[in-house]
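Colleague: Quick one: structure below, then a few questions.
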Amino acid sequence: MTKFNSAEEKKQHVENADLGWPEESPFHKGELQVQEKLGVMTRMDGFARKVIRRYMPEQHMQFYQGLRFVVIGCGDEDGNPWCHMVVGEPGFATASDPVELDVKPKVIIPQLISKLTPGSRIGVLGIDFEFRRRNRLNTTILEVNEDNKQKKIPNTIKLLVEQSFGNCPQYISRRQTLPFHAKQQEEERFGSILNQREKDIIETCDTFFVASLVPGDGTTLGADASHRGGRSGFVRVLTKDNASVLIVPEFPGNNHYNTFGNWKLYPKAGLLFIDFRTGAALALTGNIELFLDTHHGPHREEINAFAGAERYWTFQVIKGVSLPAGSIPLEFKEQTQDFMSPNSLLTGTWAQADAQLRAQKLTNAWRPYTVTRIVNENSLIKSFYLEPKDNFGLTDFKPGQYLTIRLGDDDTALIRTYTISVAPREGYYRISVKKEGKVSTLLHETISMGDTIMARAPRGNFYLSLEEKDKNKSAVLIGGGIGITPLLSMLRHTVREGMRTRWESIRNKTYFIHLSHDMNTRAFFQETSELAQRANPDKIQVISLLSTVDGHLTKEKFQQILPLDNYEFYICGPSSFTQVTYSLLRQSLGIRDDRIFAEAFGPSALKREPDDNFSPPEPLVPAATTPQHVRFAKTHFDTQWEPEKSGSLLELAEAHGIQVSYACRLGNCGTCVTKILKGSVTYATPLAAAADIEDAHCLLCQAVPVEQEVLELDL
């Protein structure tokens, strides 16, 4: 702790601090360990030396003086962290100079668990809900002046500022903070089990506060207070080993990992929950278990279904303090406009995660979806918005995949596949259908809002990956006409993920190129324009072309649009458009075949030109070369499958009058997935063999028997 004997020494300290940090890092070893584990240490070192100061800048000094409360984190005599709300009139926290903050509390919620003494470390969080601003301080107590009339509340706490830094506005729900004269209420202290009222406060919150410590030899080396926010319902409470346990998802943040770093060295925390509607409060202290990804730990399955979660932690309650309604001397008025943070809107809730897990168990089932909205995109294209009617949630999907729908009863059903044209986890499916055939005409002319459409879970091998291994590749999305739909899903997903992760967890750059015939046939122009406006222009470029005005895609156009880079190309459109664009990329621009992905509309929709060093895939299990006994269990029918004659198992079933649902007959849509009761099959193509279907099931349209005694199918 640096002590100053004069104003001149303070001034010199600020001037020296402006020259930058000394050789040591602004972060302690726990923070550095977490940053290194997550691959951000080098980047954060350079960034932090600019934004973490060893004094308060003028803006921060003014900020604290305008607040009605601050949150502090400190430890008790047993080393347990606690989080407190310190309340007063504006000006109760006053910065007389850049290195000292005087706090004159009117109320402390809950009452101080331990006595504050000079030399104690205190973490301070200042947060302005209404304007989504927050700043943090790491401090040491210089003086504590007691108030004889209120022995439990210090008259003044003088703090020495050792670190001062701002945090981004992510996940802050907008509330106006107003004065309210609360009656003094009795605090209730309890053990490790929460009652139902306390659980309800936690499980309905959209905001809470966290205190953490870094202890040393008999002292506290550092303390921190921070904020967590999300949608109402983002914290779950369970009971385990006679204690209440909270499960908390972690969303993308500023990458400092101050709290995580403290937990790396000392896995304990203090949490403070405020019921902003009633003025009740709940303070807890307990043990932390931290999981730095979503693939480990006891709750990995649930957390993987939680939208926006990148990590998670659990908190086991040791003890707590509960305050009834009316305890907080402040009124928090929700703002009617823009209440929820845009970042919070990109995250989920535990209820949504549970619904998605239930939906995943119904991958091959036909499920009812309600048409909640219909939009005319142009004179030929309608978009149908679908939400589950059975309350089982939406099955997650990859951007670019399609939905298999069924119109009519089982015996006369019409089945088709349509690409989902929104991003994953937007809360609904949307299929955008061009009127050009029997089923699409039925959709356009007979389906209304409130109607039910049966559909199977999304499938498909044409999708955009944003995994870590793909981030250094730029993506070029090229759509012709209605071929825009899978690419629109990819674009929406890229923009959402960019906004959610500060444009970090996406491709190096994404180019979206849509070619329409003319203004009358162009669809989704306003939507893609709005996406472009929301996007980072260094990361996303949207280009809309009209063939009647701009002509067709040429080598010269691509060279004008695309600088030299490491590209992957995604093409979708009519078969002629897809073939011409593919050939242009291969022959005129020299793009490798393995860098071009295309949505196939038929068996011969795209003729590919393999790369010179192309290695064919590993051979599949060979098909039977002798007649095979096939049993259709439900229809009690046995027959022989004959090589070179019977074709696929779908064709064998049809030849004997056995009804099978199908759509594409190419192994794409998954409509003909059938359970194998006994025996094994193989496939004509590696793509079909790699299809995402359950174990002990097969794609009937591509499957043939292997050599065996009998193959029994659930038909």
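Colleague: Please tell me if Pro342 is open to solvent by 10 Å² or more (accessible area, probe 1.4 Å), at negative phi and more than 17 Å from the chain's Cα centre (by Cα).
Modeller: no
Colleague: Looking at Leu687, is it open to solvent by 80 Å² or more (accessible area, probe 1.4 Å) and either modelled with pLDDT under 75 or small (Gly, Ala, Ser) (or both)?
Modeller: yes
Colleague: Restricting attention to the range 311-345, which residues are more than 22 Å from Ile274 (Cβ to Cβ) and at pLDDT 95 or above?
Modeller: Selection gives Arg311, Tyr312.
Colleague: For the range 396-414, how many residues are open to solvent by 10 Å² or more (accessible area, probe 1.4 Å), touching a strand residue (DSSP E or B) at 6+ places or on another chain (Cβ under 7 Å) and closer than 23 Å to Gly483 by Cα?
Modeller: The qualifying residues number 6.
Colleague: Scan (1) loosely packed, with under 13 Cβ neighbours inside 10 Å; (2) touching a residue at least 60 places away in the same chain (Cβ under 8 Å) for the single condition Ala182 breaks and write down its number.
Modeller: Condition (1) is where Ala182 drops out.
Colleague: Another question, if that's okay. Give the range 521-549 a look and list any residue that's outside any helix (DSSP H, G or I), loosely packed, with under 12 Cβ neighbours inside 10 Å and of a type in the set (S, T, N, Q), or say none.
Modeller: Listed by number, the list is empty, since nothing qualifies.
Colleague: State which residue is nearest to Trp350 (Cα to Cα) when the search covers only the range 173-194 and only residues that are assigned to a loop (DSSP other than H, G, I, E, B), in contact with a strand residue (DSSP E or B) (Cβ under 8 Å, 6 or more places away or on another chain) and not hydrophobic (A, V, I, L, M, F, W, C).
Modeller: It comes out as Ser173.
Colleague: Starting from residues that are at pLDDT below 95 and of a type in the set (A, V, I, L, M, F, W, C), keep the ones in the range 123-146 and report whichever is nearest to Ser341 (Cα to Cα).
Modeller: Ile141
Colleague: What do you reckon, is Gly400 over 30 Å from Val40 (Cβ atoms), of a type in the set (Gly, Ala, Ser) and not in a strand (DSSP E or B)?
Modeller: Answer is no for this residue.
Colleague: Oh, and also: List the strands (runs of 3 or more DSSP E) that sit entirely inside the range 204-269 and contain at least 1 residues that are open to solvent by less than 10 Å² (accessible area, probe 1.4 Å) and either under 16 Å from Trp82 (Cβ atoms) or in contact (Cβ under 8 Å) with a residue 12 or more places away in the chain (or both).
Modeller: 207-215, 220-229, 243-250
Colleague: Follow-up. For the range 287-324, which positions are under 14 Å from Val248 (Cβ atoms), polar (S, T, N, Q) and not in a strand (DSSP E or B)?
Modeller: Thr294, the sole residue that qualifies.
Colleague: Right, something else. Of the numbered conditions (1) more than 21 Å from Cys74 (Cβ to Cβ); (2) touching a helix residue (DSSP H, G or I) at 6+ places or on another chain (Cβ under 8 Å); (3) modelled with pLDDT of 95 or more, Ser232 fails exactly one; give the number of that condition.
Modeller: Every listed condition holds for Ser232 apart from (2).
Colleague: Hey, Ile676 hits all of (1) hydrophobic (A, V, I, L, M, F, W, C); (2) at pLDDT 90 or above; (3) more than 16 Å from Asp638 (Cα to Cα); (4) out of contact with any helix residue (DSSP H, G or I) (no Cβ under 7 Å at 6 or more places or on another chain) but one; which does it fall short on?
Modeller: Ile676 satisfies every listed condition except (3).
Colleague: Continuing with this model, one more query. In the range 348-366, which residues are aliphatic (A, V, I, L, M) and either outside any loop (DSSP other than H, G, I, E, B) or closer than 27 Å to Arg231 by Cα (or both)?
Modeller: Ala351, Ala353, Ala355, Leu357, Ala359, Leu362
Colleague: Test of understanding: among Ala457, Ala475, which residue is modelled with pLDDT under 95, among the small types (Gly, Ala, Ser) and open to solvent by less than 10 Å² (accessible area, probe 1.4 Å)?
Modeller: Ala457
Colleague: Given the range 550-652, what strands (runs of 3 or more DSSP E) lie entirely inside it while holding 2 or more residues that are among the aromatic types (Phe, Trp, Tyr) and open to solvent by less than 20 Å² (accessible area, probe 1.4 Å)?
Modeller: Qualifying strands (runs of 3 or more DSSP E): 567-572.
Colleague: Residue by residue through the range 417-438, note down the ones that are of a type in the set (Val, Ile, Thr) and either within 15 Å of Arg373 (Cα to Cα) or part of a loop (DSSP other than H, G, I, E, B) (or both).
Modeller: Result: Ile420, Val422, Ile431, Val433.
Colleague: Take the conditions over 27 Å from Asn255 (Cβ atoms), open to solvent by less than 10 Å² (accessible area, probe 1.4 Å), touching a Lys or Arg at 6+ places or on another chain (Cβ under 8 Å) and touching a residue at least 40 places away in the same chain (Cβ under 8 Å) and apply them to Val99. Does it pass?
Modeller: For Val99, the condition - over 27 Å from Asn255 (Cβ atoms), open to solvent by less than 10 Å² (accessible area, probe 1.4 Å), touching a Lys or Arg at 6+ places or on another chain (Cβ under 8 Å) and touching a residue at least 40 places away in the same chain (Cβ under 8 Å) - is not met.
Colleague: Moving on to the next point. Which of the residues belonging to the range 439-454 are part of a helix (DSSP H, G or I) and surrounded by 11 or more Cβ atoms within 10 Å (Cβ to Cβ)?
Modeller: Val439, Ser440, Thr441, Leu442, Leu443, His444
Colleague: Shifting gears a bit: Just the residues that are of a type in the set (A, V, I, L, M, F, W, C) and open to solvent by 20 Å² or more (accessible area, probe 1.4 Å), please, taken from the range 478-514.
Modeller: Those that are of a type in the set (A, V, I, L, M, F, W, C) and open to solvent by 20 Å² or more (accessible area, probe 1.4 Å): Ile482, Met499, Trp503.
Colleague: So which of Asn135, Asn145 is open to solvent by 40 Å² or more (accessible area, probe 1.4 Å), assigned to a strand (DSSP E or B) and of a type outside the set (D, E, K, R)?
Modeller: Exactly one of Asn135, Asn145 is open to solvent by 40 Å² or more (accessible area, probe 1.4 Å), assigned to a strand (DSSP E or B) and of a type outside the set (D, E, K, R), namely Asn145.
Colleague: Next question. Of the residues in the range 626-650, how many are among the charged types (D, E, K, R) and touching a residue at least 24 places away in the same chain (Cβ under 8 Å)?
Modeller: Final tally of qualifying residues: 2.
Colleague: Inspect all residues belonging to the range 360-376 and state whether any of them is open to solvent by 40 Å² or more (accessible area, probe 1.4 Å), farther than 26 Å from Thr441 by Cα, at pLDDT below 95 and of a type in the set (Lys, Arg).
Modeller: Yes: the range 360-376 contains one or more residues that are open to solvent by 40 Å² or more (accessible area, probe 1.4 Å), farther than 26 Å from Thr441 by Cα, at pLDDT below 95 and of a type in the set (Lys, Arg).
One line per residue, one yes/no per condition, for (1) open to solvent by less than 50 Å² (accessible area, probe 1.4 Å); (2) assigned to a helix (DSSP H, G or I):
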site	(1), (2)
Val34	yes, yes
Gly39	no, no
Gly46	yes, yes
Tyr64	yes, yes
Trp82	yes, no
Met85	yes, no
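Colleague: Would you be able to tell me the number of residues in the range 108-135 that are within 17 Å of Asn155 (Cβ to Cβ) and either touching a Leu at 6+ places or on another chain (Cβ under 7 Å) or not small (Gly, Ala, Ser) (or both)?
Modeller: 8
Colleague: Have a look at Ser547, Ser588, Ser575 and point out the one that is over 26 Å from the mean Cα position of the chain (by Cα), closer than 20 Å to Phe462 by Cβ and not β-branched (Val, Ile, Thr).
Modeller: Ser575
The values are calculated or read from the model by the stated rules, or taken from the named source; none is laboratory data. Everything quoted here is computed from the prediction, not taken from an experiment. Here Cβ is always computed from backbone atoms with ideal geometry, including for glycine, and neighbour counts include all displayed protein chains. Just the protein is used for accessible areas: all its heavy atoms, side chains included, with ligands, DNA and RNA removed. Shrake-Rupley method; radii C 1.70, N 1.55, O 1.52, S 1.80 Å.
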